[in-house]
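The values are calculated or read from the model by the stated rules, or taken from the named source; none is laboratory data. Quick caveat: nothing in here was measured; it's all calculated off a predicted structure. In this analysis, Cβ positions are derived from the backbone assuming ideal geometry, glycine residues included, and neighbour counts consider all displayed protein chains. The area values use the complete protein model at the heavy-atom level, side chains included, leaving out ligands, DNA and RNA. Shrake-Rupley method; radii C 1.70, N 1.55, O 1.52, S 1.80 Å.
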Amino acid sequence: MDRITKAARLMIVSDLDHTMVDHHDPENMSLLRFNALWESNYRHDSLLVFSTGRSPTLYKQLRKEKPMLTPDITIMSVGTEITYGSSMLPDDGWVKILNQKWDRNVVIEETSKFPELTLQAETEHRPHKVSFYVDKTKAQVVMKELSSRLEKRGLDVKLIYSGGMDLDVLPQGAGKGQALSYLLNKLKTEGTLPVNTLACGDSGNDAELFSIPDVYGVMVSNAQEELLQWHAENAKGNPNIIHAKERCAAGIIEAIGHFNLGSNTSPRDVADFVECKLDHVNPGYEVVKFYLFYERWRRGEAANCETYIASLKASCDPTATFVFPTGVEKTLHECIYAMKGCYGDQKGKQFRVWVDRVLSTPTGSNTWLVKFDKWELSGDERCCCVTTAKINAKGSGGASDGYTWVSVQQKWLEGYEKKDTSIWLF
């Protein structure tokens, strides 16, 4: 959060399952397209917020399974927990608000009287969230009676039904919508209210996100009936909320373009980087472009021609160095030469490369220190290097003329070291 010293250009607040993450997309292409767009165009001056019904345990599990970016803010357990940064520091002010008229023991006591309710896994029970499964044919009756009983016990609670089976009991002040309102008010107080905010969801527990004033909203094309019904009854005439034509993260990209919130052309949608010219370039785009080309080369998806190799060499200073995670040092030109021999070696295989947390710091008028996490998925093995690069602007025209790589240094991220380091390029 400290890196954003002024109002974010865009804040995206997105649900995860079946919104940002498409569980029916084994290649994770829509998510990877969004990742490339965010890191190349938005990470440096915008905020990414994940708002999920998952508990911290299941959220961390999803991060190990899918190529997800690191958000600036994480809202978990249906809006009952707000944390900041990669270290996930909790928001104590939000906890104090939720403690009002809430007693978890009373909730457990009263819900145990309903045989229709089945407790969810222990990991899904949090200090301000108790979760159950209930058949959708019985849900409305149970919710009405349970709400009445808890009110008589002096509690002020909210019942949220989603997914056709999940029932969450929360403090009245909780929920994805209230958490977002709290966050927006906090940013406004600090003088950093985002210029634009886009909320993204697919199910009933996301409806609250679309009720916040001055927030754009997108229901992805695969949104569940419960959310579509809510929209028809409450927001059908609202031009700031759309039902996307695209699924999941692709629908989010679609909404960015629909509302004119910024660029919605992902680098993964660009066929030829050599021919592509951008109006606005930044070090983040250079990093994304470099590693995306590397992925395409290894997968045999880029043409095996000297033009691309020459372009790659031209983007590196002749004396540029690369320090591998093992400590071995080579020139970048040596690395490019080694890459020539690996053309198409991952063709037809599960091989993907993406970057996360790309942050650049100016160290001179035309020089940047760029830090990022470089991820590589090869089959079932997932590796990550914490990377630091020095990049200069080309020529006298500044960044508009492109960039030159001066040095790169990598260290393994603990727990994600590569077993066989003989073929580790860039």
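Could you tell me whether residue 193 is hydrophobic (A, V, I, L, M, F, W, C), over 21 Å from residue 258 (Cα atoms) and buried (at least 16 other Cβ atoms within 10 Å of the Cβ)? It would help to see each step written out before you state the result.
Details: hydrophobic (A, V, I, L, M, F, W, C): yes; over 21 Å from residue 258 (Cα atoms): yes; buried (at least 16 other Cβ atoms within 10 Å of the Cβ): yes.
Criteria met by residue 193.
Here residue 34 passes the criteria (1) in contact with a strand residue (DSSP E or B) (Cβ under 6 Å, 6 or more places away or on another chain); (2) assigned by the TED database to the domain that holds residue 216; (3) modelled with pLDDT of 95 or more except the one numbered (1). Residues that are open to solvent by 60 Å² or more (accessible area, probe 1.4 Å) and in contact with a strand residue (DSSP E or B) (Cβ under 8 Å, 6 or more places away or on another chain): does the stretch 39-46 have at least one? Taking every residue of the stretch 39-46 in turn, at least one turns out to be open to solvent by 60 Å² or more (accessible area, probe 1.4 Å) and in contact with a strand residue (DSSP E or B) (Cβ under 8 Å, 6 or more places away or on another chain). Taken over the stretch 197-237, residues that are in a loop (DSSP other than H, G, I, E, B), open to solvent by 40 Å² or more (accessible area, probe 1.4 Å) and in contact (Cβ under 8 Å) with a residue 40 or more places away in the chain amount to 1.
Among the listed residues 253, 242, identify the single one that is over 30 Å from residue 341 (Cβ atoms), in contact with a Gly (Cβ under 8 Å, 6 or more places away or on another chain) and not assigned by the TED database to the domain that holds residue 377. Give the derivation first.
Numbers: 253 fails: in contact with a Gly (Cβ under 8 Å, 6 or more places away or on another chain).
When all the criteria are applied, what remains is 242.
Only one of the numbered conditions (1) in contact (Cβ under 8 Å) with a residue 60 or more places away in the chain; (2) touching a Gly at 6+ places or on another chain (Cβ under 8 Å) is violated by residue 5, and that is (2).
Checking each residue in the stretch 167-177 for being assigned to a strand (DSSP E or B) and within 14 Å of residue 126 (Cβ to Cβ) picks out 168, 169, 170, 171. Would you mind stating whether residue 260 is open to solvent by 60 Å² or more (accessible area, probe 1.4 Å) and outside any helix (DSSP H, G or I)? Yes: the conditions hold for residue 260. In the stretch 318-335, the qualifying residues are those that are in a strand (DSSP E or B) and among the aliphatic types (A, V, I, L, M), and the one that is surrounded by the fewest Cβ atoms within 10 Å (Cβ to Cβ) is 323. Looking only at residues of the stretch 238-248 that are outside any strand (DSSP E or B) and without any contact (Cβ under 8 Å) to a residue 40 or more places away in the chain, we find that the one that is surrounded by the fewest Cβ atoms within 10 Å (Cβ to Cβ) is 239. Selection of the stretch 336-363 for residues being open to solvent by less than 20 Å² (accessible area, probe 1.4 Å) and in contact with a Phe, Trp or Tyr (Cβ under 6 Å, 6 or more places away or on another chain) yields 353, 354, 355, 358.
Residues of the stretch 66-100 being surrounded by 15 or more Cβ atoms within 10 Å (Cβ to Cβ) and assigned to a strand (DSSP E or B), which ones? Once the filter is applied, which keeps residues that are surrounded by 15 or more Cβ atoms within 10 Å (Cβ to Cβ) and assigned to a strand (DSSP E or B), the stretch 66-100 yields 73, 74, 75, 76, 81, 82, 83, 84.
Just to be sure before I move on: is residue 107 in contact with a His (Cβ under 9 Å, 6 or more places away or on another chain), assigned to a helix (DSSP H, G or I) and surrounded by 13 or more Cβ atoms within 10 Å (Cβ to Cβ) in the structure I sent? Here the answer is no, as residue 107 does not meet what is asked. In summary, residue 137 fulfils each of the numbered conditions (1) in a loop (DSSP other than H, G, I, E, B); (2) under 33 Å from the mean Cα position of the chain (by Cα); (3) among the hydroxyl-bearing types (Ser, Thr, Tyr); (4) not assigned by the TED database to the domain that holds residue 18 with the single exception of condition (2). Going through (1) at pLDDT 95 or above; (2) open to solvent by 40 Å² or more (accessible area, probe 1.4 Å) one by one, residue 419 falls short only on (1). Given the criterion modelled with pLDDT of 95 or more, in a strand (DSSP E or B), out of contact with any Leu (no Cβ under 7 Å at 6 or more places or on another chain) and crowded, with 20+ Cβ neighbours inside 10 Å, identify the matching residue among 411, 374. Every option except 374 fails the conditions.
Any residue at all in the stretch 298-306 that's in contact with a Ser or Thr (Cβ under 8 Å, 6 or more places away or on another chain) and either in a strand (DSSP E or B) or open to solvent by less than 70 Å² (accessible area, probe 1.4 Å) (or both)?
Here is the first cut: in the stretch 298-306, the ones in contact with a Ser or Thr (Cβ under 8 Å, 6 or more places away or on another chain) are none.
There is no residue in the stretch 298-306 that is in contact with a Ser or Thr (Cβ under 8 Å, 6 or more places away or on another chain) and either in a strand (DSSP E or B) or open to solvent by less than 70 Å² (accessible area, probe 1.4 Å) (or both).
Residue check: is residue 386 among the aliphatic types (A, V, I, L, M) and open to solvent by 20 Å² or more (accessible area, probe 1.4 Å)?
Values: among the aliphatic types (A, V, I, L, M): yes; open to solvent by 20 Å² or more (accessible area, probe 1.4 Å): yes.
Here the answer is yes, as residue 386 does meet what is asked.
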